[in-house]
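Working notes, beginning with the structure itself.
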């Protein structure tokens with residue numbers, strides 16, 4: 001559960017990065033389409049949750065990436081509410097910490113809720129390839145040069161650079177504009193740098209796209225450092241797009257034939273804009289459909305498994321949104337469906353593709369800051 005604080009396809013991903021750099025430049029000069037606000041019952045993406053093997057080591061890693069601890073790690077306990085929400089055996093023990101980092105598109109921080117579990121059978125998904133079903137990534141905007149963060153992680157003994165072609169190599173000279181690193185449990189963290197043409201210059205806040213999410217109008221970086229988007233590998237991009245757009249209010253572009261948009265052979269990449277809950281800033285949930293994953297069954301991950309992720313959406317009418325999600329093919333994870341939590345009502349779902357976990361949360365105090373379930 002979550003509280004909110006005010007809260008092997010290497011070539012395909014490398015090609016996406018090149019495309020993203022083009023998009024960042026194009027967005028500054030191309031006109032934006034009319035805004036699509038999506039579902040009025042979904043306030044937007046509010047937080048992210050992640051299962052880790054060592055809470056202290058994960059906290060140390062994310063602090064290097066400029067996350068702040070807003071809820072210190074709890075002691076080991078049987079959290080009956082969390083177990084019910086996540087569909088875990090009643091005796092599961094867990095520890096939780098909540099971190100937050102600046103959003104790249106608003107003044108409201110974005111929360112990351114870390115859970116560690118024991119007393120339960122767990123699978124370890126830390127060795128997944130970047131393009132595999134069950135893998136995904138978080139994207140962060142950094143300032144000036146990704147090597148600044150890379151060197152900090154190296155000094156802290158926390159640097160893991162996955163072998164991902166262009167993402168693994170620093171340029172011969174000058175700043176590094178993008179790179180992938182991995183957290184202590186193998187989750188992929190994508191870093192993109194705002195590289196200033198001269199000291200003091202920043203990307204104009206007015207150039208943030210808040211309209212139809214075509215490749216032509218996405219501002220790739222946001223206007224400041226911080227959380228930018230979540231990426232999810234799927235087996236059926238069309239089914240995923242329908243769910244995240246029609247049910248959760250995302251603004252996605254039409255699907256084009258794989259490989260025709262310059263993203264890589266057989267790869268479909270859909271950038272969907274969502275409000276960051278309670279703000280006017282737009283964060284993204286990126287759907288990645290690779291030909292190698294088409295038609296594959298769900299890997300069968302559980303929320304208590306190491307390196308499994310979920311995305312939290314704040315809603316104003318959880319009963320209606322839950323009903324729409326179930327009608328669209330989402331399945332219950334929470335025991336008994338919607339349940340009471342200390343700060344409102346919540347339910348955990350598995351999306352129709354069987355690869356993305358989604359928490360719906362309605363606050364008992366509308367528009368109140370969240371701090372993580």
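Each value in this text was obtained by applying a stated rule to the coordinates, not by laboratory testing. A quick note: this is a predicted structure, and the numbers were derived from the prediction, not measured. Reconstructed Cβ throughout: ideal geometry from the backbone, glycine too, with neighbour counts over all protein chains shown.
Of note:
- Among 160, 149, the order by Cβ neighbours within 10 angstrom, fewest to most, reads 160, 149.
- Between residue 40 and residue 172, the FRET efficiency from the beta-carbon distance, with R0 = 35 Å, is close to 0.10.
- When you work out D = kT/(6 pi eta Rh) for segment 110-175 at 20 °C and 1.002 mPa s, using the Kirkwood radius from C-alpha pairs as Rh and the Stokes-Einstein form, the result is 141 µm²/s.
- Computed extension length for residue 78-residue 327: 86.4 nm, one decimal, from 0.36 nm per residue of separation with the Cα-Cα distance subtracted.
- Calculated translational diffusion coefficient of segment 274-372 (20 °C, 1.002 mPa s; Stokes-Einstein with Kirkwood radius over alpha-carbon pairs) equals 144 µm²/s.
- Ranked 240, 335, criterion: other C-beta atoms within 10 Å, fewest first: 335, 240
- Ranked for footprinting exposure by Cβ neighbours inside 10 Å, fewest first, 244, 310 give 310, 244.
- Between residue 160 and residue 63, the FRET efficiency from the beta-carbon distance, with R0 = 22 Å, is close to 0.85.
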